[in-house]
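Q: Quick one: the structure is below, and I'll ask about it shortly.
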Amino acid sequence: DMLDTDVEYHQQGNLRLGRTEKHKEILTALTNRGVANGLDVRMIDGNEARQINPYLSEAVTCASWCETDGHANPLTATMGYYKMARRLGAHFISGEKVVEIKKVKGKARKVVTESGNVYEGDKIIVSAGYESRFIASSAGVDVPMTPVLLETLVTEAVKPMFWQMLGTADADFYGHQTNHGSFVFGLNSGLEPFAKPGKPLSSSIAASAACRGIMQYFPTLETIKVVRTWAGWMDSCADHVPVISTVDECPGLILACGFTGHGFGISPSVGLILSEMAMEKKTTLDISAFRYDRFTK
């Protein structure tokens, strides 16, 4: 409603599925952590999971179930933010590769791009995924991140089947059905050492493995065709927790990176917090756990 955009939001719950005793241990630990932090999530058995989603196979013996969870379309949501920001006076400059942040009198002040252009500001927010590490390092700041290869596959459109967000205890895959009717599934293939440098390519190995995993949980999807795949780098922080932080030794610099795959889900909150940080206001939420210097001795 705030963006005046249909972001294709479905709040139909989140099923994280398991087939073995080990899976049950993993899901129970995640559920207990969620409950301890006030999340409405609980463990259910395979029969209750199949009542929620009748397309599940008999192999599913347990699941964690969060009824209040959901999913949205990152493409339409991002475009909605972009259009609303434009309406509110934000200025966007595309096609500029940042190569350096320059300090003036000890403060982050200038952003230098590959084309030679220089942009100045009192506050500079670095939120460029894994590339944030290289940009921040030009100002003498390091965030311990590694690139993780994520691959995604999209199926042909079929009739609506279910709207839950799906995942597994072993993170074999995750995904959901879209308004368009296609299924979108993602996975971490573990093929980082073999990925093409720069912009990575998806592989037939990963897509095939993902499909075999998906069919163990959803055999009815067996005949649906995969129409395209793609791959990209995820910025995985050393402790799998984002860095959302000012930098004491580099005033004016604000970091928002290392989201380890959770960027879209928490982006509305992060966007609000970054705006408060840029205006030097007290943040709506306590972000001390996300400080950049938590890795120092």
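Q: For segment 18-162, what is the convex hull volume of its Cα atoms per residue in Å³? It would help to have the intermediate numbers written out before the result.
A: On the way: hull volume 32.3 nm³, N = 145.
Per residue, the Cα convex hull of segment 18-162 comes to 223 Å³.
Q: Another question, then. Divide, for segment 13-79, the radius of gyration over alpha carbons by 2.2 N^0.38 Å, where N is the residue count. Don't skip to the answer; put the middle values down first.
A: Values: Rg = 13.4 Å, N = 67, 2.2 N^0.38 = 10.9 Å.
Against the empirical 2.2 N^0.38 Å value, I get 1.23 for segment 13-79.
Q: Mind checking segment 198-297 for GluC sites (Glu not before Pro) that DSSP puts in a loop (not H, G, I, E or B) and that have at most 12 other Cβ atoms within 10 Å?
A: Numbers: sites: GLU222, GLU249, GLU276, GLU280; in loops: GLU222, GLU249, GLU280.
Qualifying residues, ordered by number: GLU222, GLU249, GLU280.
Q: Starting from the Cα of VAL112, move 7 Å in the Cα-to-Cβ direction to define the label point; list residues of segment 138-154 whose amide nitrogen is under 14 Å from there.
A: 138-140
Q: Apply 1/(1 + (r/R0)^6) to the Cβ-Cβ distance of ALA171 and PHE194, taking R0 = 25 Å, and write down the FRET efficiency to the nearest 0.05. Show your work: numbers first, answer last.
A: On the way: r = 20 Å, r/R0 = 0.78.
Efficiency computed from Cβ-Cβ geometry: 0.80.
Q: Could you look at the chain and say what percent of its accessible area is carbon and sulfur, using a 1.4 Å probe and all protein chains? Display every interim value, and only then the final one.
A: On the way: 9310 of 16930 Å².
Whole-percent figure for carbon plus sulfur exposure: 55.
Q: What number, rounded to the nearest 500 deg cm²/dmol, is the helix-based mean residue ellipticity at 222 nm of the chain, given -39500 (n - 2.57) per DSSP H run of at least four residues and division by all its residues?
A: On the way: 6 runs with 73 residues, N = 297.
My calculation for the chain gives -7500 deg cm²/dmol from helical runs alone.
Q: Please pull out the direction-averaged projected area of the chain, using the convex hull of its alpha-carbon atoms, in nm² to one decimal place. Numbers along the way, then the final one.
A: Details: hull surface 70.0 nm².
Convex hull of Cα atoms, orientation-averaged projection: 17.5 nm².
Q: To check my understanding: the extent here is largest minus smallest coordinate of the Cα atoms along each principal axis. What are those three numbers for segment 160-297, in Å, largest first?
A: Taking the Cα atoms of segment 160-297, the three principal extents are 55, 35, 25 Å.
Q: For segment 17-26, what does the Karplus curve 6.51 cos²θ - 1.76 cosθ + 1.60, with θ = phi - 60°, yield as ³J(HN,Hα) per residue in whole Hz, taken in order and with x for Gly and Pro?
A: Along segment 17-26, the couplings run 9, x, 10, 10, 5, 4, 4, 4, 4, 4 Hz.
Q: Also: Near LYS103, which lysines are there with a Cα under 20 Å away, not counting those fewer than 8 places off in the same chain?
A: Once the sequence-local lysines are set aside, what remains near LYS103 is LYS123.
Q: Still on this structure: Estimate the FRET efficiency between ILE52 and LEU285 by the formula 1/(1 + (r/R0)^6), using the beta-carbon distance for r and 35 Å for R0, to the nearest 0.05. Before the final figure, lay out each step's value.
A: Numbers: r = 31 Å, r/R0 = 0.88.
FRET efficiency, ILE52 to LEU285: 0.70.
Q: First select every other residue whose beta carbon is under 11 angstrom from the beta carbon of LYS110; then total the charges, Lys and Arg +1, Asp and Glu -1. Each step should come with its number before you reach the end.
A: Numbers: positive: LYS102, LYS103, LYS107, ARG109; negative: GLU100, GLU120.
With Lys, Arg at +1 and Asp, Glu at -1, the neighbours total +2.
The values are calculated or read from the model by the stated rules, or taken from the named source; none is laboratory data. In this text the structure is predicted, and so the values were computed from the model without any measurement. Neighbour counts run over all protein chains shown; Cβ positions are idealised from the backbone, glycine included. For the accessible areas, the whole protein counts, side chains as well, though only heavy atoms, and no ligand, DNA or RNA atoms are used. Shrake-Rupley method; radii C 1.70, N 1.55, O 1.52, S 1.80 Å.
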